[in-house]
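**Q** One structure, as C-alpha cells, below. Some questions next.
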Amino acid sequence: MENLRLVVNAGGDTDTNGAVAGAALGARLGYEAIPQRWRLSMSNPQQLLDLADGLLSAAQRDERSAGVRANPD
C-alpha cells in the first residue's frame, strides 16, 4: 500500500492516479492484499467480490468475441 500512497502524494490528478494505481495493484495482488481494517469497514465485501467477478467475466467475453487472447505468451 505504500506505493499507492506515493502515487497519490505525488500530486497532479491524485484521484485518477490513485484509482488507476489501486486498480492495477488490486488486479495484481488480489482481495487479500486489502488491509484487514479496510475490509472490515466494508458494509458488504461479498458485493465487491461479486462485482469484480462480473467485470472479469465481461472482459473475458469481450476478448473472446474480439479474438484476443487473455494471457498471450
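The values are calculated or read from the model by the stated rules, or taken from the named source; none is laboratory data. Predicted model, so just to flag it, every value in this text is computed and none were measured. We place every Cβ from the backbone using ideal geometry, glycine too, and count neighbours over all the protein chains shown. These area figures cover heavy atoms from the full protein model, side chains too; ligands, DNA and RNA do not enter into them. Shrake-Rupley method; radii C 1.70, N 1.55, O 1.52, S 1.80 Å.
**Q** Return the residues of the range 5-49 that are modelled with pLDDT of 85 or more, among the small types (Gly, Ala, Ser) and more than 16 Å from the chain's Cα centre (by Cα); say none if nothing qualifies.
**A** Across the range 5-49, the qualifying residues are Ala10, Gly11, Gly12.
**Q** Are there any pairs with C-beta distances below 9 angstrom linking a residue in the range 2-20 that is under 21 Å from Ala33 (Cβ atoms) to a residue that is open to solvent by 60 Å² or more (accessible area, probe 1.4 Å) and of a type in the set (Val, Ile, Thr), with the two at least 6 apart or on different chains, and if so which?
**A** Val7/Val20
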